[in-house]
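*Asks:* Right, I'll just put the structure down here and ask away after.
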């Protein structure tokens, strides 16, 4: 399937990345090239093969479900572009 | 240049311990070297005051007899590791001004071992690239040049600043991270040693995430011994990274016995790719001969799914990246570009804050994970990944390590980069399979091409068998006797 301008615009919206209209064509070409190239994976016989979800054969460790950190909202918000009174801010989302 | 800068990490450590030099002297020499290396653009942030304070403390601990394994050793830290109170950029505009309130586990481990931090090293944006051309802070120049040719060359990537700095003597060793070859490929391009440990050997906590199932930190140094020493300090279990593995950290330096008698070295026929320069083929054969002469047994092996490693990587890595990079939203840290609505603010911030390659990968990742395509692309890639891991498991029934070239070419010009992204991706053809399978690998400088540029050989090993990888890498290093130096040396 060819990755066209409309698909790229849709994916860019899903990824919350603004792509200017005049870049869509070029980007569609590049992404289409990559997708066509990865499609060769379809040749591999994967009948009965389990998908690999962990790079190392190990089981995840358990730990106590306990609070181990926190209590310093000033540090947590110190890097925010517009923190106010230890809160993050966003444009208005509720009218 | 200063003799101090010519010491290897192991030599500097021994001289510091013997009180022949002080950490302050060594650090001052390196602070000057960092300044002298500015034309290479390898450091994004220099931290000389930080380094001086650490060096003074190191000298005190040496005097008190409480020195750590890396006491007083000046290192560079890839700017993907969060460092408390020190700007951490990941090479991206979107992390403008970000000063982490915490320290990554690996850089903390190095600090605890007594290491001195000279600064933060340039890299491809979010470690996405193979030439250090995608950094918001500009390209890094390779300290090596072709004979009689002034063209600026790339140092490889993504750990390009780390590689250039170690090669040019602007630090004694550096941290790198390797998701698809980002330690081993730049090491090969700059004539240094780069080691990617087994997935889980080093904690990923506090390292800016690219592709979580592939990322692994490792050392970049001038010698195999230096890499062994540095890995010993970096590695270890960390409760803050549930994928780090709880097993003891061996004495890696003790593994460098120089003896590879009876070691079974696999040579995979699938790595003989079309269009590979004959010099690389010749170097590979040379490596085979060296190890044979040293008493190793050469075994022909097959890794039949090798050709599918890169395409599988370019689904798995972007998919994980698209998810990991969702956190850069202009709310909690870094750049924020205003918009009338929340979505507009997200889109404006991410549109302006990410560079072209990062955007391409996020979009590919979003696409392959989106409804209707997940099974065809992402699930298929994960199954192919299983096949690739099985290839290695079967191969290791017949051999202990695998010998391959590190890269399909020597370093290329900054202005010679291919315009097709897929062509650029092919740089990692020999390194990516080990990431997909989670296995350790080392790149060792082994020869010089007709243009006078360094070339590397790669040794891959079994999971958590860094010791054998280092032992074989050391044997290669001894046989190669690589002494060539880059044209540009700091200080």
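*Asks:* In this structure, does residue B:381 turn out to be within 24 Å of residue B:421 (Cβ to Cβ), assigned to a helix (DSSP H, G or I) and at the interface with another protein chain (Cβ under 7 Å from one of its Cβ atoms)? Before you say what the answer is, go through the steps one by one.
*Replies:* Numbers: within 24 Å of residue B:421 (Cβ to Cβ): yes; assigned to a helix (DSSP H, G or I): yes; at the interface with another protein chain (Cβ under 7 Å from one of its Cβ atoms): yes.
Taking the combined requirement at face value, the residue satisfies it.
*Asks:* (1) touching a strand residue (DSSP E or B) at 6+ places or on another chain (Cβ under 9 Å); (2) surrounded by 24 or more Cβ atoms within 10 Å (Cβ to Cβ): which one isn't true of residue B:449, the others all being true?
*Replies:* If we test residue B:449 against (1) touching a strand residue (DSSP E or B) at 6+ places or on another chain (Cβ under 9 Å); (2) surrounded by 24 or more Cβ atoms within 10 Å (Cβ to Cβ), just (2) comes out false.
*Asks:* Is one or more of the residues making up the range B:60-80 touching a strand residue (DSSP E or B) at 6+ places or on another chain (Cβ under 7 Å), surrounded by 22 or more Cβ atoms within 10 Å (Cβ to Cβ) and part of a helix (DSSP H, G or I)? Working first, answer last.
*Replies:* Kept after step one, since they are touching a strand residue (DSSP E or B) at 6+ places or on another chain (Cβ under 7 Å), are these residues of the range B:60-80: B:72-80.
Checking the rest, the ones that are also surrounded by 22 or more Cβ atoms within 10 Å (Cβ to Cβ) come to B:72-80.
Filter once more, keeping what is part of a helix (DSSP H, G or I): none.
No: zero hits.
*Asks:* Suppose we filter A:49, A:11, A:38, A:93 for residues that are more than 21 Å from the chain's Cα centre (by Cα), buried (at least 16 other Cβ atoms within 10 Å of the Cβ) and within 7 Å of another protein chain (Cβ to nearest Cβ); which single one remains? Don't jump to the end; show me each part of the working.
*Replies:* Numbers: A:11 fails: more than 21 Å from the chain's Cα centre (by Cα); A:38 fails: more than 21 Å from the chain's Cα centre (by Cα); A:93 fails: buried (at least 16 other Cβ atoms within 10 Å of the Cβ).
Result of the check over A:49, A:11, A:38, A:93: A:49.
*Asks:* For the range B:415-439, what are the residues that are assigned to a helix (DSSP H, G or I) and touching a strand residue (DSSP E or B) at 6+ places or on another chain (Cβ under 6 Å)? Break it down into steps so the answer makes sense when it comes.
*Replies:* Kept after step one, since they are assigned to a helix (DSSP H, G or I), are these residues of the range B:415-439: B:415-416, B:421-428, B:432-437.
Residue satisfying the conditions is B:434 alone.
*Asks:* Failed condition for residue A:24, given (1) more than 9 Å from chain B (Cβ to nearest Cβ); (2) surrounded by fewer than 15 Cβ atoms within 10 Å (Cβ to Cβ), with all others met?
*Replies:* Failed condition: (2).
*Asks:* Residue A:19: touching a helix residue (DSSP H, G or I) at 6+ places or on another chain (Cβ under 6 Å), modelled with pLDDT of 95 or more, assigned to a helix (DSSP H, G or I) and surrounded by 14 or more Cβ atoms within 10 Å (Cβ to Cβ), yes or no?
*Replies:* Numbers: touching a helix residue (DSSP H, G or I) at 6+ places or on another chain (Cβ under 6 Å): yes; modelled with pLDDT of 95 or more: yes; assigned to a helix (DSSP H, G or I): no; surrounded by 14 or more Cβ atoms within 10 Å (Cβ to Cβ): yes.
When the stated conditions are applied, residue A:19 does not pass them.
*Asks:* Scan the range B:204-213 for residues that are within 10 Å of another protein chain (Cβ to nearest Cβ) and within 14 Å of the chain's Cα centre (by Cα) and report the count. Talk me through it step by step, then tell me what you get.
*Replies:* Kept after step one, since they are within 10 Å of another protein chain (Cβ to nearest Cβ), are these residues of the range B:204-213: B:212-213.
Next cut, within 14 Å of the chain's Cα centre (by Cα) only: none.
Selection size over the range B:204-213: 0.
*Asks:* Then there is this: In this structure, is residue A:67 under 27 Å from residue B:180 (Cα atoms) and either facing chain B (nearest Cβ under 7 Å) or over 24 Å from the mean Cα position of the chain (by Cα) (or both)? Step through it out loud before you land on a result.
*Replies:* On the way: under 27 Å from residue B:180 (Cα atoms): no; either facing chain B (nearest Cβ under 7 Å) or over 24 Å from the mean Cα position of the chain (by Cα) (or both): yes.
Considered against the rule, which asks whether it is under 27 Å from residue B:180 (Cα atoms) and either facing chain B (nearest Cβ under 7 Å) or over 24 Å from the mean Cα position of the chain (by Cα) (or both), residue A:67 comes out as no.
Yes/no per residue for (1) more than 14 Å from every other protein chain (Cβ to nearest Cβ); (2) surrounded by fewer than 24 Cβ atoms within 10 Å (Cβ to Cβ); (3) at pLDDT 95 or above; (4) more than 20 Å from residue B:131 (Cα to Cα):
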residue: B:166; (1), (2), (3), (4): yes, no, yes, no
residue: B:172; (1), (2), (3), (4): yes, no, yes, yes
residue: B:190; (1), (2), (3), (4): yes, no, yes, no
residue: B:196; (1), (2), (3), (4): no, no, yes, no
residue: B:199; (1), (2), (3), (4): no, no, yes, yes
residue: B:202; (1), (2), (3), (4): no, no, yes, yes
residue: B:215; (1), (2), (3), (4): no, no, yes, no
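*Asks:* While we're looking at this one, here's another question. Under the condition of being buried (at least 19 other Cβ atoms within 10 Å of the Cβ) and within 17 Å of residue B:106 (Cβ to Cβ), which residue from the range B:242-256 is nearest to the other protein chains (Cβ to nearest Cβ)?
*Replies:* B:245
The values are calculated or read from the model by the stated rules, or taken from the named source; none is laboratory data. Everything quoted here is computed from the prediction, not taken from an experiment. As a convention, Cβ positions derive from the backbone with ideal geometry for all residues, glycine included, and neighbour counts pool all protein chains shown.
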